[in-house]
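The structure appears right after this line, and notes come after that.
The values are calculated or read from the model by the stated rules, or taken from the named source; none is laboratory data. Being a predicted model, the structure only gives us computed values, none of them experimental. In this analysis, Cβ positions are derived from the backbone assuming ideal geometry, glycine residues included, and neighbour counts consider all displayed protein chains. Heavy atoms of the whole protein, side chains included, go into the accessibility calculation; ligands, DNA and RNA do not. Shrake-Rupley method; radii C 1.70, N 1.55, O 1.52, S 1.80 Å.
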Amino acid sequence: MLSSDMALFALNNTPIEVFWLDTDGRVVEVNAAAHEALGYAREDLIGLRVTDFAPGYDRDRWRVLLDVLRRDGKAFRETFHRREDGTEYPVEVTISLFQKDGADLVCGMVRDVSDRKRLEGRSAEYLARYRDAINTSALGFWAVDLTGHILDANATYARLSGYDRDSLIGMRIADFEADQDGDVIRTLAARAVLEESAHFRSRHRRVDGTIWPVEIAINYSSVNGGTFFVFILDVTDQVAKERELAAKSAQLETLLVRYREAQAIAKLGHYVYDIVRDRWDGSEVLNGIFGIDTAHDRTAQGWVKVIHPEDRAEMEAYLRDHVIGQGKDFDKLYRIIDQTTGAVKLLHGKGLLRRDNRGNPLELFGAIQDVTDLKRLEGAVRASELLKRQILDTIPDLVWLKDVEGRYMACNPVFERLYGAKEADLLGKDDFAFVDRETAAFFRHNDRQAIAAGRSLMNEEWLTFADDGHRALHETIKTPLKDEEGRIIGVLGLARDITDRKRIEEALRKTNEELRRSNADLESFAYVASHDLREPLRTVASFTTLLERSLGEGLAPEQAEYLHFVHDGATRMDRLIRDLLEYSRVGRTSAPREDLSLERVIGAVLGHLKAGVAEAEARVEITCHGAKVHASREEVERLFLNVIGNALKYRSPDRRPEISVGCTRRGAQWEFSVRDNGIGIDMKQHFYDRIFRLFQRLHGRDDYGGGTGVGLSICKKIVESHGGRIWVESTLGEGSTFFFTLPATGGPSVAQTPPEGGEAEPLGPVGPAP
C-alpha cells in the first residue's frame, strides 16, 4: 500500500486536476494540477465554493449531485471550469463520494478536454471537405452498406439516373443493375472486401426504365462496420466510341481526357514498368503525386529515391522478392517524399504482373493513388465516431435518434432500460413495437411537432421503465436533425429524470410559503415587542428616578445602590431591545436600492461623528474616490457609522487616533477598508469570527463606553444582504483593518436576493481574507 507521502506525491504530479470538497460544496483540498489549471494559488482555492470555478453547479444541482453520489457512489459529468482570470475551458469530471473521520467528502477528478473539442471541430471540417469533393465530382457516387443498400449518393448520379437524391437513399444495388444478378453482385462485393477495391463495367436502369452503360470503381473501407465507396462513370459515349473506334478516334480521345480528369480528381496516377529494361513511365497525375519532372531517373532506383527513407529498404525488398522474385502482383501502402514540396504522402500502389510464355516477369503495370487525406480523414472519422459512441454510452440521461418515420436509428444504454431491449433490437423499429398505441401515438405526436417547428421543443413525459417497472417524470427535449443541405432527416431525443427535482421544487414552494407567513408574523411580533417591552422598561426607569429624587438623602447607601442597579438594568434592556429591532430590520426596509456616491455617504457619516472625532482629536483620512455602489442609502450609512464609530471607540489611550478609509475595485464589486491604530484584536484567539456574532464582546460590559455587542452583527447582515462579505485583519496593540465588499454601480449584479424571512448566503468566506 502506498504511504501517504507517496500518494500525495503521485496526486501532485498527475496531470489530472483533483478536488476534495465538503458536502456544502466548499474546497477542502486540491492537488497542484487543479490550482495551476485554474490560475489560483492553492491557499486561495481552499474555502471557495464550487460555483466560484464551476458555475454550472448552483445549490440545487449540488444537492441533486449529492443525492446521486449517495445512491450510486460515483457520477460522471461534462461541464466547464472558470479560471481566476475569467476564461473558461471544457472538462470531464469523475465524481465520487467517500468518508473521512465520519464525514462525507466529495472527490472530483477533472480532465481538460479542450484538445478533444478542437479535434472534433477539425473532424467536422475534414468531413465537410470530403462532402464538397464528392458533390462536385464529375463521377456518380454511392456509399453502400454490406447488405447492398445505398447510404449516400451525390447529385451527379441523381442527374444521370433521373432519381432525386432522397429517393436513392435506402434503395438496393439490384434496383439499378440491368446486367448483374444477385450472385454476381455478391461476388464483386466479396472481391472488393478482399482486395479493398474492384473495377468493372455494367449497365444501369434509369427511373424511366431506359438502360445506360456505366463503368464502376469500388473501394472498400471497414469504417462504420464496412462501407463500399462506389464511383460510377457514365460510359454511354465510350461504348459508342468503341463500336466506331476507327471513325470516331476524336470521341475516344475526349473520353480519355475525361478519364484522366477523373484520375486527377481521385489523385490516381498510372504507370508501366518494363522489368527487363528496368525502365518505368507514368502519367502526368503520377508525376504530380511524386513531385517529379521528365528529367527524373525512371529506373527502379529512381523510384526508390522518392520513397520515404524509413520505408526504402522494405519497399526495395518487396519489389525484388515479392513481385519479381515470387511473381506476385503489387499491392502495397507506402510513404514517399514529394520531390517538389518535401511533404510526406501516403500512397496505395497496385500493379498487375505480365509474364512471358515461360512465366518470367516482363512488365508491371498499375495505378498509384494518393490516399494521404483519405486515410487521415478515415482515422479522424473513426476516432470521432468512437468518441461520440463513448460519450453517448456514458451520458446518464436517455438519448435516442429516430428517422422522420419514427424508426430508431441509435440509442444509449440508459434508453435500453426504458424498453428493456438492446439497441440492436430497437434499430429500424418504431415505438408501436414496444409500448401501447396510446403512448406510442403520444411520442409520435411530439416528434412530429418538433419536425414541423424545425427547432427544439421541450415537454414533460411520464415514462415507465420495462427493466424494473419504476415510473418517473422526465423533461424531454426533441430536436430536428438536419443533413448538410438543411433537410430534416430525423429527431434527436434527450430525456432527464426530474421526479426528484419536481418533488424538491414543490417542497421548496411550500417551505417558502411557510417562511413568508412566519416572517410576517415575526416582523409583526418584533414591532409589537419593541413597543410593549420598552414601555414598561421606560416606566421602571422613570419611577426609579422619581423614587430616588423623592427619598433624597433619606436613602441608605445600600438602597441607593439597589435603585441604581434597577435603573441601569432597565436602561440596558431598553437599549438591547432597540438594537435587536434595528438588527431585525436590516434587509427588510422598503427603501429602494439606488446608485450611491460613497464619498457623499462617508461625508454624511463623518458629519454625524463630528463631535466624537473632535473629542478624540482623531485624524481621519478618506482615500476612497470615485466609488459608486448600488445599495440602500440608510443601511450603507449605518454600516460606515458603526465601523468608523468602533475605530473611534476602541482607540488606544497611548496615541492619537488615526483612521483611514480606502477602496479598491474588484470586478463587479468595490472592496472597502477602514484602518485604525487602536487597541487591536488577538487574532490567535479566533476573535476575528466571534466579533461578528450577536451579543459577542471582547471587553467588559462597561469598558470603552459599553455596548450590546450587536453593532458588528448589524454590519455583517447589511453587507451580506447586498451580496458581499466582511472580515477583519488585526494585530493586538497595533490596530485593526475592517474589510467589506458592496456591489459596484453598472457592473453585473452579484447581490443575492434572500428569500423572504431568510438571509442571503455570502459570496465568499466570512472571516480573515486569504
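Counting only heavy atoms of protein chains, what accessible area per residue, in Å², does the stretch 273-389 have with a probe of 1.4 Å? Each step should come with its number before you reach the end.
Details: 6300 Å² over 117 residues.
Heavy-atom accessible area per residue stands at 54 Å².
Under the rule a/c < 1.5 gives rounded, and otherwise a/b versus b/c splits prolate from oblate, where does the stretch 294-360 land using the Cα gyration tensor? Please list the in-between numbers first.
Values: a/c = 2.33, a/b = 1.84, b/c = 1.26.
Cα axes put the stretch 294-360 in the prolate bin.
Can you work out the Karplus-derived ³J(HN,Hα) for every residue in the stretch 411-426? Use 6.51 cos²θ - 1.76 cosθ + 1.60 with θ = phi - 60°, whole Hz, and x for glycine or proline.
Once θ is set to phi - 60°, the couplings for the stretch 411-426 become 6, 9, x, 5, 5, 4, 5, 4, 9, x, 9, 6, 4, 4, 7, 8 Hz.
Which residue, chosen from G86, A34, V64, occupies the Cα position most advanced towards the positive end of the dipole of the stretch 1-110, where the dipole is computed from +1 (Lys, Arg) and -1 (Asp, Glu) charges on Cβ about the Cα centre?
Checking the options against the dipole of the stretch 1-110, the answer is V64.
Return the carbon/sulfur percentage of the accessible area of the stretch 311-366, one whole number, probe 1.4 Å, all protein chains in place. Intermediate values should be presented prior to the final figure.
On the way: 1550 of 3190 Å².
Carbon and sulfur atoms account for 49 percent of the accessible area of the stretch 311-366.
Using θ = phi - 60° and the Karplus form 6.51 cos²θ - 1.76 cosθ + 1.60, what ³J(HN,Hα) does each residue of the stretch 483-489 get, whole Hz, x for Gly and Pro?
After applying 6.51 cos²θ - 1.76 cosθ + 1.60, I find 8, 5, 8, x, 8, 6, 10 Hz.
If the cut-off is 22 Å between C-alpha atoms, which lysines fall inside it for K610, apart from same-chain ones fewer than 8 positions away?
Reachable lysines: K649.
By the gyration tensor of its Cα atoms, with a ≥ b ≥ c the square roots of the eigenvalues, what is the shape of the stretch 450-492: rounded for a/c under 1.5, prolate for a/b over b/c, or oblate? Kindly include the intermediate steps, with their values, before the conclusion.
Numbers: a/c = 5.09, a/b = 2.44, b/c = 2.08.
Since a/c reaches 1.5 and a/b is larger than b/c, the shape of the stretch 450-492 is classed as prolate.
Given axes a ≥ b ≥ c from the Cα gyration tensor, I'd like to know whether the stretch 350-488 is rounded (a/c under 1.5), prolate (a/b larger than b/c) or oblate. Working shown, then result.
Values: a/c = 3.15, a/b = 2.66, b/c = 1.18.
Cα axes put the stretch 350-488 in the prolate bin.
Distance check, please: which entries in K117/K510; K241/K267; K117/K422; K117/K350; K117/K628; K332/K402 exceed 32 angstrom between their Cα atoms? Working shown, then result.
Details: K117/K510 43 Å; K241/K267 26 Å; K117/K422 29 Å; K117/K350 37 Å; K117/K628 42 Å; K332/K402 41 Å.
Over 32 Å apart, Cα to Cα: K117/K510; K117/K350; K117/K628; K332/K402.
Quick check: at a probe of 1.4 Å, how many percent of the accessible area of the stretch 179-228 sits on carbon and sulfur atoms? Let's see the in-between values first.
On the way: 1350 of 2650 Å².
C and S fraction of accessible area: 51 percent.
Spelling out what I want: for every residue of the stretch 144-160, take phi, set θ = phi - 60°, compute 6.51 cos²θ - 1.76 cosθ + 1.60 (Karplus), and round to whole Hz; glycine and proline get x.
Per-residue couplings from phi come out as 10, 7, 5, 8, x, 8, 7, 8, 7, 8, 9, 5, 4, 5, 4, 5, 5 Hz.
What accessible area per residue comes out for the stretch 30-80, rounded to a whole number of Å², with a 1.4 Å probe? Could the numbers behind the result be given before it?
Details: 2590 Å² over 51 residues.
Per residue, the stretch 30-80 has an accessible area of 51 Å².
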